[in-house]
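First up is the structure itself, then whatever we jot down about it.
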Amino acid sequence: MIFDAHCDALMKLWQDRSLSFRDGRSLHVTFSGMAEAGVKVQCFAIYIPETVPEEARFTAALEMADLFFTRLIDAFPAIKVVRTKRDIASLKEGEIGAMLTLEGCDAIGSNLIKLKTLLRLGVASVGLTWNFPNAVADGAWETRGAGLTAFGRQVIELLNETKRWVDVSHLSERAFWDVIEAARFPIASHSNAHRLCPHRRNLTDEQIGALIEKDGVIGITFVPYFLTDDKRGATVAHVLRHLDHICALGGERHVGFGSDFDGITQTVAGLASVRDYARLVDELHRHYSADQVKRFLFDNFYAHLPE
């Protein structure tokens, strides 16, 4: 079984309503692909592209949530909405859990009611930024490098109260440390090890250690330039290097995968879509025990759900 903590299929379906979620060739994540790969839980992010005007972003978020229900849940009886451990445990053989997440709080502006609305629609995890600053915090690409705002701290309080994950992927380093201090349930849905690939989106050893100490979980992502700066591209071996590194820091029970499928144009050699998870699984079994592989692929993210 596989628990994938991040994909952007909703964005692609929103951008091109003609795409088929059953088996569309332009999608990395499809119903048939998930079924073939053995995905048990797939997180689907609401991500609003930067080109969307500020006043239209919340509407775009609602439209993506609507697509989640109409194009996935209603269209495929085998796909079930999940948010909690109980929801996932209740999945039957052959059923796939779909978890709604928010990537960046740009859609809510500085309005907590908008966030509450998305939580009521089932959003289980909230990423605070997408690289750039917003009313909540600074992102990883903002040179100012500020942390959480006063409104951002209100957002964290709400997520703590409602037992939702706070996703630190895309945050500035200062905002990361603010979240570690304030959030009860921090995760990094799709981030890799800075020590192995010094991209600003990756986590330093100190950050990885802090997430482990806070009982969080880190999703290794298949973004090639987060895996290696080798111009020849990334391979499955690079994915395993990042996994090995996080385990060496004490993260064996705090690491999983967040592919970022459909949010990337370049892919890892041999990991072109969700169907190719089998190649990663085979390689994992060559290097780790069956129990470890099960934890990496599913159990670690499942175990760290707040409820």
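Laboratory data are not the source of any read-out in this text; all were calculated from the coordinates shown. Remember, it's a predicted structure, so these values are computed and weren't measured experimentally. A quick note on method: Cβ atoms are made from the backbone with ideal geometry, for glycine too, and the neighbour counts reach across all protein chains shown.
Taking 2.2 N^0.38 Å as the expected size of a compact globular protein, what ratio does the Cα radius of gyration of the chain give against it, to two decimals?
Working it through for the chain, the quotient is 0.91.
Kindly count the pairs of lysines across the chain whose alpha carbons are less than 16 Å apart, treating pairs on different chains or eight or more residues apart as eligible.
8
Using 0.36 nm per residue, how much length does the chain from SER32 to SER110 gain when fully extended, once their Cα-Cα distance is taken away?
24.2 nm
Could you tell me how many cubic angstrom of Cα convex hull volume the stretch 107-166 has per residue?
Hull volume over Cα atoms, normalised by residue count, gives 72 Å³.
Can you compute the modelled spin-label distance between LYS294 and LEU62, with each label point 7 Å from Cα toward Cβ, in nm?
Label-label distance for LYS294 and LEU62, simple model: 4.5 nm.
What percent does the relative contact order of the chain come to when contacts are Cα pairs within less than 8 Å and at least six residues apart?
19
Can you tell me the relative contact order of the stretch 132-208? Whole percent, Cα pairs under 8 Å, sequence separation 6 or more.
26
Where does each of 101-114, 238-251 land if you order them by average Cβ count within 10 Å, highest first?
Put in order of decreasing packing, that is 101-114, 238-251.
Run the numbers on the stretch 161-258 and let me know its relative contact order in percent, using alpha-carbon pairs under 8 Å that are six or more apart.
27
Whole-Å semi-axes of the stretch 106-252's equivalent ellipsoid, largest first, each the root of 5 times a Cα gyration tensor eigenvalue?
They are 27, 16, 14 Å, listed largest first.
Give the Kirkwood hydrodynamic radius (Å, one decimal) of the stretch 179-307, defined as one over the mean of 1/r across all pairs of different Cα atoms.
One over the average 1/r among Cα pairs gives 14.7 Å for the stretch 179-307.
What is the distance in Å between the Cα centres of the stretch 155-211 and the stretch 250-297?
20
Hey, for a label at GLU307 modelled as a point 7 Å past Cα toward Cβ, could you say which residues of the stretch 116-140 have their backbone N under 15 Å away?
Backbone N within reach: 119-125.
Just from its helices, what would the mean residue ellipticity at 222 nm be for the chain, if runs of 4 or more DSSP H residues each count -39500 (n - 2.57) and the sum is divided by every residue, rounded to the nearest 500 deg cm²/dmol?
-9000 deg cm²/dmol
Would you mind putting 227-236, 1-10 in packing order, based on average other-beta-carbon counts within 10 Å, highest first?
Averaged packing, sorted descending, gives the order 1-10, 227-236.
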